[in-house]
1. Taking the options 123, 134, name whichever one is surrounded by 23 or more Cβ atoms within 10 Å (Cβ to Cβ), modelled with pLDDT of 90 or more, within 23 Å of residue 83 (Cβ to Cβ) and aromatic (Phe, Trp, Tyr).
2. Do we have residue 495 as open to solvent by 70 Å² or more (accessible area, probe 1.4 Å) and in contact with a strand residue (DSSP E or B) (Cβ under 8 Å, 6 or more places away or on another chain) here?
3. Look through 45, 40, 58 and report the one residue that is farther than 22 Å from residue 105 by Cα and at pLDDT 85 or above.
4. Which of the residues spanning the range 633-652 are closer than 21 Å to residue 730 by Cβ and either among the acidic types (Asp, Glu) or open to solvent by 40 Å² or more (accessible area, probe 1.4 Å) (or both)?
5. Please go through the range 701-736 and pick out each residue that is out of contact with any strand residue (DSSP E or B) (no Cβ under 9 Å at 6 or more places or on another chain), of a type in the set (A, V, I, L, M) and touching a residue at least 60 places away in the same chain (Cβ under 8 Å).
6. Please list, ordered by first then second residue, the pairs with beta carbon atoms under 6 Å, 6 or more apart or interchain, first in the range 256-276 and open to solvent by 50 Å² or more (accessible area, probe 1.4 Å), second modelled with pLDDT of 80 or more.
7. Across the range 497-536, what is the number of residues that are among the hydroxyl-bearing types (Ser, Thr, Tyr) and in a strand (DSSP E or B)?
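The values are calculated or read from the model by the stated rules, or taken from the named source; none is laboratory data. Treat the numbers as computed from the prediction; the structure is a model and nothing was measured. Counting neighbours? That spans all protein chains shown, and the Cβs are built from the backbone with ideal geometry, glycine included. Ligands, DNA and RNA are excluded from the accessible area calculation, which covers all protein heavy atoms including side chains. Shrake-Rupley method; radii C 1.70, N 1.55, O 1.52, S 1.80 Å.
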Amino acid sequence: MKVVKNTILLFGLVFFQLAFSQETIISKKQIAKKLQVAGLAFYNLEVDKSLDHAKKALSEAHEIKDDELMAKAYNIIALNFEEFYDVKKGIEYYKKALFHANLTKNDSIKCWVNNNLGSCYSYRNISFKKAIDYYKKGLLYSNKIKDSVEITYCQLNIASAYFAINDFKNGIQNLEKSKSYITRKGELESQIIFSTLFGSYFSHLNQNEKAELFFNQAISLGKNNNSSNLLDASLSDVYNDFASHLKKKKDYKNALYYLELHKDTQKKIYNDDRTKKVKLAGSEIEIEEFKRQIDKIEGEKDEHLKDLKESKLIVLLFIIIFLILMLLIYSLYRNNKFRDKSNEELTIANEELQIAKDKAEVASQLKTQFVSTISHELRTPLYGVVGITDIILEEHKELANSLHLNSLKFSARYLLSLVNDLLQINKIEENKINLESMIFNITDEIKTIIDSLEFIAVKNNNSLITEIDTDIPEFVIGDKLRLSQVFMNLVSNALKFTSNGEVRIIAELVKVEGSRSFIKFQVKDTGVGIADEDQDKIFEKFVQIERKEGDYQGTGLGLSIVQKLIELFGSTIHLESKINEGTNFYFTIGFVTDEIKRNDIINNIVVDLSNNYNYKILVVEDNKINQVVTKKILESNNFKCTIVEDGYASINLLENEKFDVVLMDINMPIINGFETTKLIRNKGITIPIIALTAFDKQEITEQALSCGMNDIIIKPFEQAKLFQIISNLVSIKKAD
């Protein structure tokens, strides 16, 4: 059985997909028209006309260097060569067509040329394996462009190649895939090929009746072709395959009849006249190809001569550069000793710098240690002062409005604020501050700040006014403690430098992006203002501008801390001020307002239920005043309190008496809180232990947890926070 050849696919490329953009020059359209004429002439067996137009189109395509048009022209020339002249020449020109097609983005051309190469290898019995490989490449491109016609012809060609090597299993699979399209709207040639292949398939299965039905159907379709063109080649192949079938079933008479029809059709198509015409026109094309090759070689020769001239120039330049390099080497040699001397001096300087660096690091550590020690030593007595003041106010209600007592309380809190400022600025400089995520109400926070600063407002006869945008979400997520610290500094400054005026705190929602709401805050006053020359200095540490006698001086750290905290929020603080007119500090912060995250935080908030229980607390504290304050705080909230002055006493007591929680001071004589906790844990005592200390939490957290402590609270502390921690730890202990 001969392999069926797809003639429509062979030259269909000249009828389809010849669209060009508005910017394409007119010569491309002219070339495309010549290729269309060449394709029609080949289909109608007018080989001299086909090759003449293809030759002209190829020459013009080379002139404008258009790979797409060159591929189409080479393809038509290859078709003529293969059919009527020289199969080897046909393959040679098909491969030229494929080379140029692969340089384009036109997958249709790649599909057509691969199919034509496959048909050449298959139909001419050269290599069915190569034929199938080319057909499959064509199928890949036709699937890529989703062209049903091309997909169908690829499947038919693959099926015919498999049938030719008696691989009917793979062949029938591809033939069945083409059935849907052919039965719906297949072209005449595809119907002829389809029927012929099914005839061959049923002949292989010895189902003679079905085979002859399909062969006769193919012959009937082929005879519908009234014109003399390449469709006769398909009909000729039907005759040949039918004759092979009849010979197989030993119907020699009819086999001979169809074989004669095959030969007559072949003579009609492949006559000597056409072969001569193709040979003559092909020779002219070959000559032009040789000329193009010669021109290419001449061009390359000119390029080589040009390169040679450039090479001579390069050699000359190289010699000049070499001489310059020699001079540079000599210069470098002369400077080498000077460089060695400089290096020696630099080495000494580096050693001195390293020593200075080491000293600076030691100084930095000493500074950190000094700040930490000072803050601890100041917090300890301040805890007593604040605590004793609160006790006096609680026990003597009649002194609630005492100016002296309120002044004492304010002074103590101011000293505590000073300590915190020193520690805060040190932490910021060492990048030890991380913002926390807490849920809070901005209106409530601002109100709390106003209430706490009312004392200063009244003193200077100022009005505190708030303007809160109602569009701001009820709850936001962010670090409310750092934000409060910013407002405390800004508002207290505004009140101190304003007399008989007003201070406004403004919060305005400016934009919403995704889950973040951006709020612009302003602190405006009608005070003394800040001179232009001082506005760049006020954010520096320890800087204070000139003030009136009697003004509250402060440390000069507040605005420096404010600036750095706002930078941690990812924002920038701005300043507008005029002398004797007032000052406006403003900044914008984006807070998370995502409802899911907000609900998660709310659900994880532990409610303080300590007042519902009567816990027994052991306090380990060596400072007498602090003992009094801590005991008073605990007992006023219905807790039972026992106090010991050192760690060993606490261990002895815990071995003989049961407590719910231990409040452990860190800095004690004889044995400190860390070592005491280790000894308690070594004895197998699992009671919750809370570090109650004046040290900064960040400095001792790792050591406290590693020795067995459960939590830390810093003196002075918020009572509610202490009770919440106690309640949480006792609940966890009971659950275990």
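1. None of the other options fit; the residue is 134.
2. no
3. 40
4. Hits for the range 633-652 are 635, 636, 638, 640, 642, 643.
5. 720, the sole residue that qualifies.
6. From the range 256-276, the pairs are 259/243.
7. Going through the range 497-536, the residues among the hydroxyl-bearing types (Ser, Thr, Tyr) turn out to be 498-499, 515, 517, 526.
Adding the requirement that they be in a strand (DSSP E or B) leaves 517.
Adding up the residues that qualify gives 1.
Residue-wise test of (1) β-branched (Val, Ile, Thr); (2) modelled with pLDDT of 85 or more; (3) exposed (fewer than 14 other Cβ atoms within 10 Å of the Cβ).
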residue: 457; (1), (2), (3): no, yes, no
residue: 465; (1), (2), (3): yes, yes, yes
residue: 470; (1), (2), (3): yes, yes, yes
residue: 484; (1), (2), (3): no, no, no
residue: 487; (1), (2), (3): no, yes, no
